[in-house]
Amino acid sequence: MLVALTVAVSVAALALAAWCGFAAYRDQPTKDWHFIGMAVVSVLALAQLVVGIVQLARGEQADEGSVIFVSYLLGALLAVPAAGFLSLSERTRWGSVTVAAGALVLAVLEVRLHDIWGG
């Protein structure tokens, strides 16, 4: 798997977590700009999913198994959109906290994906 893409997704997720965490600190709900940031992180996670599936289709193997690898890729893809959807129902600072938590989960999933692939 591409290490550069994993690092890019992780850094973008941590930046989103810091940004939404700062919004929560300032007692603000998620705003349109936050959703644009979530979209950028989600597009990176989608690119990672495509690259991972292409590599599996080429015959490369994850150290801990392809099923676990694809499951983590799908979880990484859905972590931020799920948090964003939940933040729409909570239009207080806790919506921002939810997105920050989802972005932190994505960063942890990225570390685990790296380990599963054989990093």
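The values are calculated or read from the model by the stated rules, or taken from the named source; none is laboratory data. Keep in mind it's a predicted model, so treat the numbers as computed, not measured. Methodologically, a virtual Cβ is constructed for each residue, glycine included, from the backbone with ideal geometry; neighbour enumeration extends over all protein chains shown. Protein only, heavy atoms only, side chains kept; ligands, DNA and RNA dropped before computing areas. Shrake-Rupley method; radii C 1.70, N 1.55, O 1.52, S 1.80 Å.
Laid out as a table, the results:
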quantity	calculated
Theoretical ellipticity at 222 nm over the chain - DSSP helices of four or more residues, -39500 (n - 2.57) apiece, nearest 500	-29000 deg cm²/dmol
Column: log10 I(q)/I(0), Debye, Cα scatterers of the stretch 6-82, q = 0.14, 0.20 Å⁻¹	-0.52, -0.85
Ranked by how many other beta carbons lie within 10 Å on average, peptides 94-107, 61-74, 32-45 from highest	94-107, 32-45, 61-74
Accessible surface of the chain, 1.4 Å probe, proportion on carbon and sulfur as whole %	71 percent
For the stretch 40-119, alpha-carbon Rg relative to the globular expectation (2.2 N^0.38 Å, N residues)	1.21
Degrees between helix 32-57 axis and first principal axis of the chain (Cα, 0 to 90, nearest 10)	10 degrees
Sparse-neighbour loop sites [trypsin sites (Lys or Arg not before Pro); the stretch 69-119; at most 13 other C-beta within 10 Å; DSSP]	Arg91
